[in-house]
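Undergrad: Here it is, the structure, as structure tokens.
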């Protein structure tokens, strides 16, 4: 059957369709973009050292990464609507591979701006993967368990995220990192070689995964028919869904907080804990992302007994308190508080996403693309934190994520609620 044909897959002549294999296959993608994100914040500090740039300028890496998400989200959603999830995923994988392979000439040139271009292209590919995979997982089964499924898939995103910093600690900051003598250009080129070959290997692996998806069968889902089958009303216009609109806003601020917290993590640890080198701080970032991953598994289990929105609100409140400890604390306790924030961040992205696209019916793919587009918060806010860190202090910059978590708290308390339209007046 052509891939641009939408088919009904919830039942067939033999009974209910088994979604297990498609769910496993798509979940593998969550690991891949998690690994790419896990390397990002270590690259931030590495480029500060190699190119001798300020914290503010180094956050252009985040601007390139999340700017790619912003610009690619709507085109990716339109592509998915026209050609289906499978083709969208394959295109995303090929862009991911192309951007990763461009790190080779970027390192050879020793030019920071070439790296930004490479990262932008890579991020456009990741945006396609997220635009397809997140809404696809939410509709691969019953609506009542959509948050649980997406959190479960996102657990493997967390696994990739914490492996990235550990690899970076060894390759970018550890004994493997070049520390020789010679001209500035020669030292820079040698220092970037670890980045160069890391991303070439990533590019090759992604091409292999794209081939596997090309050979695999992924069912297309008619979300509107699925909504009606589950006893729901036909979907209303997209922006008439207040829970979706607030979901876009909440996701913008959550991603802003997540990215900003991680982007300056190594700077915060080295400046506020005596004896913490960049290598040690990178490893602490890796442990923080282990907490992030553990939080996803724990949160997914808790959702069996606690409503996802209530858990979201509770985690946001805890992170507000922890941000205060980061701002006003010092030494090891403040760094530990910063690390614990990662645990309570864990469920926020998938829970906001699943709550935001719930009951959107035919608008699920478009709604998902808008929520992915809101990831631009990761490009908009870190430069603000970098500016505050340069002009005031790194701890003071953490007022920004504190404010972001206040918005997430509101979404978990009230913004997520699906509000039905009032019945029309008699005679209308």
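Values quoted throughout were computed directly from the atomic coordinates according to the rules given, and no laboratory measurement underlies them. Note that the structure is a prediction, hence the values are computed from the model and not measured. Every residue, glycine among them, receives a Cβ derived from its backbone with ideal geometry; neighbour counts consider all protein chains shown.
Undergrad: Please state the shape class of the stretch 61-155: rounded when a/c is under 1.5, otherwise prolate if a/b exceeds b/c and oblate if not, all from the C-alpha gyration tensor. Let's see the in-between values first.
TA: Numbers: a/c = 2.74, a/b = 2.16, b/c = 1.27.
Since a/c reaches 1.5 and a/b is larger than b/c, the shape of the stretch 61-155 is classed as prolate.
Undergrad: Another question, if that's okay. What is the fewest-to-most order of 59, 270, 277 by other Cβ atoms lying within 10 Å of their Cβ?
TA: The most exposed by this proxy come first: 277, 270, 59.
Undergrad: Let me ask something additional. Compute from the Cα atoms of the stretch 308-421 the Rg and the Dmax, the latter being the longest Cα-Cα distance, and quote both in angstrom.
TA: Over the stretch 308-421's Cα set, Rg and Dmax evaluate to 16.0, 53 Å.
Undergrad: Next question. Which FRET efficiency value, to the nearest 0.05, is calculated for residue 392 and residue 145 with the Förster distance at 41 angstrom and r the Cβ-Cβ distance?
TA: 0.35
Undergrad: Ranked from highest to lowest mean number of other Cβ atoms within 10 Å per residue, what is the order of the peptides 404-413, 152-161?
TA: 152-161, 404-413
Undergrad: Next question. Please give the direction-averaged projected area of the C-alpha convex hull for the stretch 16-415, in square nanometres with one decimal. Don't skip to the end; give the middle numbers.
TA: On the way: hull surface 72.6 nm².
For the Cα atoms of the stretch 16-415, the hull's average projected area reads 18.2 nm².
Undergrad: A follow-up question, please. Compute the distance in nm between two label points, each set 7 Å from the Cα along the Cα-to-Cβ direction, one at residue 54 and one at residue 318.
TA: With each label point 7 Å from Cα toward Cβ, the separation is 3.7 nm.
Undergrad: Also, quick follow-up: For the stretch 309-342 and the stretch 244-259, what is the centre-to-centre distance using only Cα atoms, to the nearest Å?
TA: 18 Å
Undergrad: What is the packing order of peptides 291-297, 339-345, taking the mean over residues of other C-beta atoms within 10 Å and listing the highest first?
TA: Result, highest mean Cβ count within 10 Å first: 339-345, 291-297.
Undergrad: How far is it, in nm, from the label point at residue 217 to the one at residue 170 when both lie 7 Å from their Cα along the line to the Cβ?
TA: The two pseudo-label positions are separated by 4.0 nm.
Undergrad: While we're looking at this one, here's another question. Could you tell me the center-to-center distance, by alpha carbons, between the stretch 18-82 and the stretch 362-399 in angstrom?
TA: First find each Cα centre; the distance between them is then 13 Å.
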